[in-house]
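The values are calculated or read from the model by the stated rules, or taken from the named source; none is laboratory data. Please read all numbers here as calculations on a predicted model, not as lab measurements. Because the Cβ atoms are built from the backbone with ideal geometry, glycine has one as well, and the counts that use them run over all protein chains shown.
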Amino acid sequence: MQALILTQQGADIFYNHSMQNITRKILYFSVALCTVSQTPTWAAGSEPLVLAAGAAVDNHFSSHPQTWEQVIAKLRKRPGYRPSVRKMGLFVTLSKHGETRACWGNLTNQYRDDLEAVVYTTELALTKEYRHPPIKSSELVDIKPQVTLIEAIEPITGKGRATGSLQPMVDGLMARSQGKSGILLPGEAKDPYFQVMQCKLKAGIKPSEPCQLYRIKAHVIR
């Protein structure tokens, strides 16, 4: 009888151990499915520079990040990428549900080519942005990168200074006054008057204070 009881206890232990293993496998499989279903939108079918921005975001939040040189080297090997050296700079915008979560850039180029510029600028957007709360890893599935390539900066003079000549959905705007400056990228404002006022606000220029306006011609890649 004692041997039978021990055998029954052993069977119970084996059963419980087996059920725990099965439960672990089910949970692991569920997590794997969730991970696949939450793949960010830049993972496939993206423009090369948007893909580069997404790769920089992924590397920033990775538990085992590579060096930025390694990230750039891998991106250079992807089919369809053609390096371009630009005189003008670029901006990287990271948005969530249509709202900006981080943005960084420069009007002039500071890097070897556009791919290197996008990767490093994305990292700066994630680490230097001070106008918005830091992006969390839980938000990544909803983050969409946008790359704005600056093509020309034109001073607005004479009759062109009227807000009616501005096209905020097509052109960006820069306002400057006494060493202060602010920039709005194309599409960040829908109304010309609001574009000017928002640009002044970003620069710390009073609404009634005179300033020099510049039209920013750019190519936006989403």
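Things worth noting here:
- Residues of the stretch 89-111 include none that is modelled with pLDDT of 95 or more, charged (D, E, K, R) and assigned to a helix (DSSP H, G or I).
- Per-region count, the stretch 172-195, residues within 25 Å of the chain's Cα centre (by Cα) and either charged (D, E, K, R) or over 29 Å from S46 (Cβ atoms) (or both): 7
- Boolean, G54 is at pLDDT 85 or above, surrounded by 10 or more Cβ atoms within 10 Å (Cβ to Cβ), in contact with a Pro (Cβ under 6 Å, 6 or more places away or on another chain) and assigned by TED's automatic domain parsing to the domain that holds K144: yes
- Residue that is surrounded by the most Cβ atoms within 10 Å (Cβ to Cβ), among those in the stretch 176-214 that are charged (D, E, K, R) and more than 17 Å from C103 (Cα to Cα): K200
- Qualifying residues in the stretch 157-173 (those that are touching a helix residue (DSSP H, G or I) at 6+ places or on another chain (Cβ under 7 Å) and surrounded by 20 or more Cβ atoms within 10 Å (Cβ to Cβ)) - the one modelled with the lowest pLDDT: L166
- Cβ separations smaller than 9 Å between residues 6+ apart or across chains give the following pairs from the stretch 98-121 residues that are not assigned by TED's automatic domain parsing to the domain that holds I216 and surrounded by fewer than 16 Cβ atoms within 10 Å (Cβ to Cβ) to residues that are charged (D, E, K, R) and assigned to a strand (DSSP E or B): G98/K144.
- Put simply, of G164, G172 the only residue that is among the small types (G, A, S), touching a Leu at 6+ places or on another chain (Cβ under 8 Å) and not assigned by TED's automatic domain parsing to the domain that holds V85 is G172.
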